[in-house]
Structure formats: C-alpha cells, structure tokens
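The values are calculated or read from the model by the stated rules, or taken from the named source; none is laboratory data. As the structure is a prediction and not an experimental result, all values here were calculated from the model. As a convention, Cβ positions derive from the backbone with ideal geometry for all residues, glycine included, and neighbour counts pool all protein chains shown. Ligands, DNA and RNA are stripped out before the accessible areas are found, and what is left, the full protein with its side chains, is counted by its heavy atoms. Shrake-Rupley method; radii C 1.70, N 1.55, O 1.52, S 1.80 Å.
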Amino acid sequence: DLIGVVRGQIADADFAKKSGAQIVTEISVPATTTNYTPVVQKVRESGADGIVFQVAAPGLAGTMKAAGQAGLKLPAVSYSGLVDASVLKLGGTALEGVYFTALFPLLTATSPPVQEFSTQIKKYSADADTVLGLLGWNSGAIVEAAMKDSLKKGDLTQKSLMKSLHGLGGQQVGVLKTVGWTASDTHSMDAGNTDVFSIYQVKDGVFVKVGS
C-alpha cells in the first residue's frame, strides 16, 4: 500500500515498512493554512492509496473537505487526540468513513472513570470536557498513582517516584485500561505499543468502534 502523510511532524517510515506500506509523500500543513486544495493535489499526484493524518483538527477537516470537492476518495486515518465531538462538528460529512486510533475511551463512554472525569471537570472548566482534557486528567491520575505507590513503600523521593512510575506499565490507571509503557520505556503513555489502542470510524456522524 502507498501512503500519503499529511503531517505536522516527521512520519515513521520504518513503522510503515513493517506494516507492509510505503510512504510516497509527506505534506507539511502549517496551522495557518486556509487553502487545502494544493494539499489534495499533492496527495493525488503522489499516487497514494490512503492518507495518514498527523495534524490538528482544522488541517484534517480542511483537507478532507477539499478532497471531497476535488472528487478524491481515499481511505484516511487520524490519531487519538482528534476523537472528539468538536472535530466531527468542524469536519461534518467530509469525515464520513475516516478512521481514528484512540488511546482513550470516548467521552460518551458510560464507564465509571470516564463519568468521574466529566462530572469533576465540569465543576471547574466545562470547556475542558474534551479528549485533550481527558489526556491531562489521566496524566494526573498516573502521577497520583505513582506517588501513592511510592509513599506506601517508604519515602517519596525522585528515585522512588520514577521507580513507581515505571512500575505502572500494564496496569489500569484512570480511564486507561492498560498503561502501555514498560519499565524500560516510558517516553509516552503507549510507548509505541499499538495493542493499547482502539480503532474508531466515523459512521453517520458519530464515532463507532470497529477494532482494537
């Protein structure tokens, strides 16, 4: 498969190769972009079979709308930070069929941890009831869990806190069913472990889980 990457950061060619794909073009889309027709033209000229988005919501919505207007229909996937109702509102019908990887559950999920987040966050900042707000909330939950673990085992020091943080890999913390990192790799909540992600697709204007 040939992939066109519409990006705000460097794409991972090695990972694409391992997945049986080849990146044929990387198109930078600055946050100030207002005309997405040239972006779509570059994707068309590349011969890509699909698009991987690594941009913010306006870039995703703008590119997909321009693609629709140009008659370019390609499968597309975006990332976890955009699984939010505000993105659906911005992109409208242009986002139908687009896939999204998701580290976190939907904000509409009925699980107790998600409901607790929504209830508590609305007390202090209702406009933070978003997927990015949930990211910040869960980051705090991870630090809290590590501090409690460190204190339970003795004094809270930098060394003990880091040891406790490393030890959270594979555990359920906050809304995350599984913290994806390992004791040796904690550079992000997933640490490159794709098994901790779910896959959603926009169907009839809503996010529908289609895989994990």
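Each row is one residue, and each column tells you yes or no for (1) surrounded by fewer than 19 Cβ atoms within 10 Å (Cβ to Cβ); (2) modelled with pLDDT of 90 or more; (3) touching a His at 6+ places or on another chain (Cβ under 7 Å); (4) not in a strand (DSSP E or B).
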| site | (1), (2), (3), (4) |
| --- | --- |
| K148 | yes, yes, no, yes |
| K152 | yes, yes, no, yes |
| S164 | no, yes, no, yes |
| H187 | yes, no, no, yes |
| Y200 | no, yes, no, no |
Could you go through the range 60-76 and let me know if any residue there is closer than 16 Å to V208 by Cβ and of a type outside the set (A, V, I, L, M, F, W, C). yes
Taking the criterion of being open to solvent by 60 Å² or more (accessible area, probe 1.4 Å) and over 24 Å from the mean Cα position of the chain (by Cα), would at least one residue in the range 118-136 satisfy it? yes
Could you tell me which of the residues I10, I27 is open to solvent by 60 Å² or more (accessible area, probe 1.4 Å) and either aliphatic (A, V, I, L, M) or modelled with pLDDT under 90 (or both)? I10
When you scan the range 150-171, do you find a residue that is within 19 Å of the chain's Cα centre (by Cα) and β-branched (V, I, T), even just one? no
Would it be correct to say that V143 is β-branched (V, I, T), in a helix (DSSP H, G or I) and either touching a residue at least 60 places away in the same chain (Cβ under 8 Å) or surrounded by 19 or more Cβ atoms within 10 Å (Cβ to Cβ) (or both)? no
Among residues of the range 56-77, those that are open to solvent by 10 Å² or more (accessible area, probe 1.4 Å) and closer than 19 Å to L103 by Cα, counted: 3
Search the range 78-109 for residues being among the β-branched types (V, I, T) and either crowded, with 16+ Cβ neighbours inside 10 Å or under 22 Å from G140 (Cβ atoms) (or both), and hand back the single one that is modelled with the highest pLDDT. V98
